[in-house]
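*Asks:* Here you go, one structure.
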Amino acid sequence: MTGQDAPGRGGGPLIEVRGLRVDYGLGPDAVHAVIDADLTLASGTVIGLAGESGSGKSTLAYAITRLLRAPGIITGGQVLLYGGTGPVPEEAARAGKEAAQAGEPAQAGTIDLLAADERQLRGLRWSRIAVVMQSAMHALNPVVTIGAQLTDVLQAHRLKMDKTDRRQRAAFLLEMVGISADNLRRYPHQLSGGMRQRVMIAMALALEPAVVIMDEPTTALDVVTQREILTELADLQRQLSFAVLFITHDLSLLVELADSIAVMYAGRLLEQAAAGDLYRAPRHPYTLGLLRSFPPLHGARKPLTGIPGSPPDLRTPPPGCPFHPRCGYAMDICRTEMPAAFGLGVGGGRSAACWLHDGAHEVPAELAVPGPGGPSPGAVTETRASAGTGAETGTRAETGTRAETGTRAETGTRAETGTRAETGTRAETGTGIDSGAGPETKAGAQPAAAPLTAAMPPGAAAAPDTTGTLR
Amino acid sequence: MTAPAEHGSPHGAGAASTSAVASRPALLEAREITKRFPAGRRGAVHAVDGVSLALPAGGITAIVGESGSGKSTLARLFAQLLTPTSGQLLLDGQAAPAGRGGRRRYAQQVQMVLQDPFASLNPVHDVRYHLTRPLKVHGLGAAGSLEDTLAALLERVALTPPERFLGKYPHELSGGQRQRVAIARALAVRPRVLLADEPVSMLDVSIRLGILNLLAGLREQEGMTILYITHDIASARYLADEIAVMYAGRLVESAPAISVTDQPAHPYTQLLLSAAPDPDRPEPVQLSGRGSVPSLLTPPPGCRFHPRCPHAMAICSQLPPPPAEVAPGHVSACWLHAPEHPARAATTAERRPDGSPTQLADDPSRQQGRQTRPTLRHLPFSRPRHGQSKEAGDEPAGH
């Protein structure tokens with residue numbers, strides 16, 4: 001479960017979030033907490049969702065599971081839960097639901113969770129999608145024993161189990177997370193914080209779900225306890241091969257933990273990439289700033305700057321890209337228009353929602369560091385795949401505005417990029433990063449990004465510090 | 001809200017001053033300070049136990065520890081918010097002034113910044129009130145120059161232009177701005193020592209460095225003496241000259257910041273470092289010790305870390321280890337580093353793998369007796385992960 005061995009793990013998409021929008025409140029005063037989120041979680045992989053407080057990362061998780069409380073409203077988008085290992089026609093959805101209802105994992109069928117009714121959701125929650133809440137202190141019922149809380153789940157979802165079976169299963173689950181079964185009779189207050197969080201994880205895994213959503217599961221814990229739990233979680237994940245959506249503000253932790261990472265800011269997913277790529281070769285200025293906000297544990301001590309300013313108030317979000325007031329590379333267009341998530345790289349590896357990557361701008365060297373490399377030498381991680389249409393974009397991409405890109409990328413890959421850009425497709429991101437050259441790319445899944453405004457001369461308002469090593 | 005770039009170089013100055021700091025006189029010093037909180041029939045919570053720590057003038061000292069290690073209690077003892085059960089607090093080598101008037105004189109020199117800026121500012125008062133109040137209490141700042149004083153204070157914490165912030169209420173400020181106001185409030189009485197208790201842990205990641213750089217700038221430009229309390233050893237390494245590691249109420253290791261993180265001597269420091277998030281880690285973590293911080297109502301006898309320590313010996317459960325210098329300026333309270341002890345040689349031989357040659361060998365003071373003395377620095381974290389016995393260390397919360 002480390003970023004380093006990310007490529008090649010995992011199966012097909014399991015949960016696909018498309019254009020998800022969540023508001024708090026109604027009408028003109030509504031706060032847009034999640035805006036056009038696209039995220040794909042592949043089965044058996046760990047995807048990290050990083051963001052600061054108020055970035056909408058928890059809201060996104062609650063929207064996916066339909067646990068959002070008023071005044072939160074889902075105003076658009078789809079959340080598809082695939083039944084089997086890959087996408088299947090939606091007609092099978094009902095069958096899948098029935099299977100889930102009966103307590104069996106659905107083998108086939110795709111359900112739009114946002115369209116599912118309460119009965120369907122009840123069948124799916126916990127058995128297919130489980131959630132580990134942020135605060136284990138408050139998520140466990142203080143007046144009910146651990147054992148009762150664990151068997152409660154089984155009683156509701158596993159109708160065939162009798163009392164002894166449930167008890168045995170509960171004991172097994174506790175042992176699985178490293179707590180002796182004697183603790184079944186204890187109350188939450190008798191356990192330490194780390195043990196409580198382990199109980200939460202055991203409960204989430206009780207029905208062997210395909211996905212576990214973890215919302216800052218270790219934030220309140222000490223660093224040693226956190227590491228113990230994460231190591232156990234990694235082992236369990238490897239054994240049981242469930243997928244994890246891991247939400248945290250600690251990007252440095254995610255780099256170690258996740259296969260791929262999505263970075264969220266002010267309700268938008270700004271960058272998605274394999275963990276190693278994101279760490280060594282960030283593409284979005286916010287990701288770069290965030291990475292530079294964590295003092296390293298090794299090497300010479302260098303002054304770090306963090307990110308100037310503070311995250312925006314979502315009640316009055318800045319126009320254009322929400323990050324532009326804090327961005328050192330902000331251009332005119334950033335102040336007026338939100339960039340689409342431009343696909344980067346072959347094989348649907350990554351994307352960044354930044355105008356610098358639209359193919360028409362010079363990318364500063366620090367945002368164009370060559371990635372650590374794809375699974376094969378031919379598959380260059382860093383190639384421009386612009387969502388923009390039109391010949392202009394294509395030619396810009398062909399000429400290569402970036403030195404590093406030019407040196408690493410082969411012509412063949414470039415040609416492919418060009419085609420993909422023209423058809424206006426978009427790389428699937430956040431999956432387990434398949435090693436192939438991206439056959440799973442979904443044509444037409446996303447509308448093409450708006451063409452560049454004519455008023456935008458190429459290379460205008462170039463970022464403040466470009467290297468000048470352009471080809 | 002950025003500190004200027006030069007603020008961000010605690011290390012240009014820090015690295016150079018590290019050796020200088022050691023020789024600098026201590027501005028504020030705790031000697032064998034102990035704090036026990038009575039806990040009724042159950043005895044007392046041994047929150048801080050015989051800690052000696054000196055804050056050199058113009059230096060940044062960090063205390064690193066997990067929750068329950070006593071680091072915040074120690075900060076409150078330094079601030080005289082708590083009265084020590086035993087031990088001494090020295091300011092400029094003199095016993096710190098106590099009593100009603102003495103406390104006030106002391107507070108004018110030693111100020112504290114609290115962890116949570118969302119709770120430490122009064123929501124019904126504006127920034128002007130928060131900054132004026134300490135001036136009035138301490139009888140500083142003539143009425144005429146008050147505006148100038150306030151403006152200067154806000155400029156020192158990079159809240160500019162000051163007039164835009166003076167009338168604001170805490171809810172109108174972001175977390176980082178609030179913490180800056182809290183720092184400005186501490187600076188109002190022109191203290192010589194700033195005690196910062198987890199000043200960034202409640203803040204968003206992207207604005208933490210702004211606050212850390214602000215503290216570094218205060219030291220660099222004004223020679224402020226700073227005690228930085230944190231659970232994040234990476235930020236301590238970034239900011240501080242010296243790091244002191246606390247465990248269960250005791251100081252286990254103290255050394256120049258880089259030495260602590262690069263050559264940790266104490267097994268607990270090694271555990272802490274092996275658990276810290278580190279994207280550059282080449283391979284998955286093998287924790288070198290399990291379980292959690294012991295109950296401070298009934299702390300373990302001897303070394304308080306021994307129940308979790310992979311290198312524990314017989315003596316560790318009997319006597320608390322004396323602090324021993326493992327390298328110049330690098331002190332570790334561990335029996336592995338203590339001067340020869342009869343009980344040790346036998347136990348270590350069977351307990352630990354063969355020591356490999358270490359940098360410590362270069363230190364002439366450590367040459368003698370090296371065959372029997374284990375050198376912790378290069379011990380691999382090789383303890384096998386045991387799947388079943390985790391709960392043994394992970395004790396219940398103690399009810």
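*Asks:* Output wanted: per-residue J couplings in Hz (rounded whole) for the stretch B:115-122, from phi through Karplus 6.51 cos²θ - 1.76 cosθ + 1.60, θ = phi - 60°, x for Gly and Pro.
*Replies:* 5, 10, x, 7, 10, 8, 9, 7
*Asks:* Related question: Hand me the trypsin sites (Lys or Arg not before Pro) from the stretch A:247-334 located in a DSSP loop with no more than 15 other Cβ atoms within 10 Å, in residue order please.
*Replies:* A:Arg315
*Asks:* So what's the projected area for the stretch A:144-203, the Cα convex hull averaged over all directions, in nm²?
*Replies:* If you wrap the Cα atoms of the stretch A:144-203 in a convex hull and average its projections, you get 3.6 nm².
*Asks:* Amide H to amide H under 5 Å from A:Leu49: which residues, 5+ apart in sequence or cross-chain, H placed 1.01 Å off N in plane?
*Replies:* Under 5 Å from the amide H of A:Leu49: A:Phe246, A:Ile247, A:Thr248, A:Ala262.
*Asks:* Taking the alpha carbon gyration tensor of the stretch B:36-85, what are the square roots of 5 times its eigenvalues, largest first, to the nearest whole Å?
*Replies:* Ellipsoid half-lengths, sorted descending, are 24, 12, 8 Å.
*Asks:* Here is a further query. Starting from the Cα-Cα distance between B:Ala98 and B:Arg31, subtract it from 0.36 nm times their residue separation and give me the gain in nm to one decimal.
*Replies:* Fully extending the segment from B:Ala98 to B:Arg31 adds 22.5 nm.
*Asks:* Between the stretch A:282-349 and the stretch B:212-255, what's the alpha-carbon centroid distance in Å?
*Replies:* Distance between centres, Cα-based: 28 Å.
*Asks:* So what are the ³J(HN,Hα) numbers for the stretch A:173-185, from phi and the Karplus equation (6.51, -1.76, 1.60; θ = phi - 60°), rounded to whole Hz, Gly and Pro as x?
*Replies:* Each residue of the stretch A:173-185 in turn: 5, 5, 4, 4, 9, x, 10, 6, 5, 4, 6, 4, 8 Hz.
*Asks:* If you don't mind, another one. What residues qualify as long-range amide H neighbours of A:Gln134, i.e. H under 5 Å apart, gap of 5 or more or another chain, H built at 1.01 Å from N?
*Replies:* A:Asp215
*Asks:* Taking R0 as 30 Å, what's the FRET efficiency between B:Glu163 and A:Ser53 from their Cβ-Cβ distance, rounded to 0.05?
*Replies:* Numbers: r = 29 Å, r/R0 = 0.96.
Here the calculated transfer efficiency is 0.55.
*Asks:* Also, quick follow-up: What translational diffusion coefficient, to the nearest whole µm²/s, does the stretch B:61-145 have by Stokes-Einstein, given a Kirkwood radius computed over alpha-carbon pairs, a temperature of 10 °C and 1.306 mPa s viscosity?
*Replies:* Answer, rounded: 104 µm²/s.
*Asks:* What is the distance, in nm, between label points placed 7 Å from the Cα along the Cα-to-Cβ direction at A:Val369 and at A:Arg69?
*Replies:* Simple spin-label model gives 4.1 nm for this pair.
*Asks:* Still on this structure, I have one more. Extending each Cα 7 Å along its Cβ direction at B:Thr83 and A:Glu208, get the distance between those two points in nm, one decimal.
*Replies:* 6.4 nm
*Asks:* Right, next: For the stretch B:5-247, how big is the tail of P(r) above 29 Å, as a whole percent of Cα pairs?
*Replies:* 28 percent
*Asks:* Follow-up question, since we're still on this one. Which residues' amide hydrogens lie under 5 Å from the amide hydrogen of B:Lys35, considering only partners 5 or more residues apart or on another chain, with H built in the peptide plane?
*Replies:* B:Ala47, B:Val48, B:Asp49, B:Gly50, B:Thr85
*Asks:* Please list, in order, the residues from the stretch B:32-46 whose amide nitrogen is less than 12 Å from a point placed 7 Å along the Cα→Cβ vector of B:Thr298.
*Replies:* Taking a point 7 Å out along Cα→Cβ of B:Thr298, the residues of the stretch B:32-46 whose backbone N falls under 12 Å are B:42-43.
*Asks:* Quick one: 3J(HN,Hα) in Hz for the stretch A:225-232, Karplus 6.51/-1.76/1.60 with θ = phi - 60°, rounded, Gly and Pro as x.
*Replies:* 4, 4, 5, 4, 5, 5, 5, 4
*Asks:* Could you check the spin-label model distance between A:Arg335 and B:Leu90? Points 7 Å from the Cα along Cα→Cβ, value in nm.
*Replies:* 5.9 nm
All of the numbers you see were taken from the coordinates with simple rules; none came from a lab. Everything numeric here is computed off the predicted structure, so don't read it as measured data. Please note: Cβ atoms are built from the backbone with ideal geometry, for glycine as well, and neighbour counts cover all protein chains shown.
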